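None of the figures in this text is laboratory data; all of them are computed from the coordinates on show. This is a predicted model, so every value here is computed, not measured. Ideal geometry is used to build each Cβ from the backbone, glycine not excepted, and the neighbour counts take in all protein chains shown.
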Ligand SMILES: Cc1cc2nc3c(=O)[nH]c(=O)nc-3n(C[C@H](O)[C@H](O)[C@H](O)COP(=O)(O)O)c2cc1C
């Protein structure tokens, strides 16, 4: 389904082994077969201190993956009405590399009421780094899953629709977003 020529990256941000946002990220990987994969649970990062942490080797590795991608799908848990700290920390460590990226969000939450929680990070990416946010968020709660499986057909469909949009936006804006100044 995806445009195979446009480089995409899926980042799974939960550190929980039973993560539902990772289950969604894996489903997205089925749709975006050539997308690169990054799991923060498998890549230990220092806490951003605004200084020495930028020199950590894993920060450079992650920054390279972000740099190489045109479109990035973020799969995140919702914690305290926000994205989780692992994602926030990764953004702090890789900041300007998000310039001009097309970004989509898959969110796993405990309840229905936190559906706008991703907006703070979306705003920060837009206003700090001129990222282009795909205007379609996937937001899911426990009722959409059974164990490690997505049991809600509509959720699976919404993940595919987001993958399609991410791919289309990334292709359409290819060549344009590179011209955005940091
Ligand atoms: C520290 C913490 C804070 C949470 N805060 C919220 C919240 O504000 N809103 C919500 O709907 N769910 C909240 N939850 C529930 C998680 O969003 C839910 O467990 C989700 O599945 C986590 O994503 P993951 O399964 O990918 O790790 C919280 C869970 C934890 C552990």
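A few remarks follow.
- The stretch 87-164: Cα Rg divided by the 2.2 N^0.38 Å rule of thumb: 1.21
- Over the residues of the chain, the helix contribution to mean residue ellipticity at 222 nm works out to -11500 deg cm²/dmol, using -39500 (n - 2.57) for each DSSP H run of at least 4.
- Here the chain is treated as an ellipsoid with the same Cα gyration tensor; its semi-axes, largest first and in whole Å, are 23, 20, 15.
- The chain - percent relative contact order, Cα under 8 Å, separation 6 or more: 26 percent
- Summarising the strand pairing of the stretch 8-181, around 15 percent of its internal DSSP beta bridges are antiparallel.
- Panel note: the C-alpha atoms of the stretch 1-102, placed on their principal axes, show extents of 41, 29, 22 Å (largest first).
- Label-point gap, in nm, between residue 120 and residue 68 - each point 7 angstrom along Cα→Cβ: 3.2 nm
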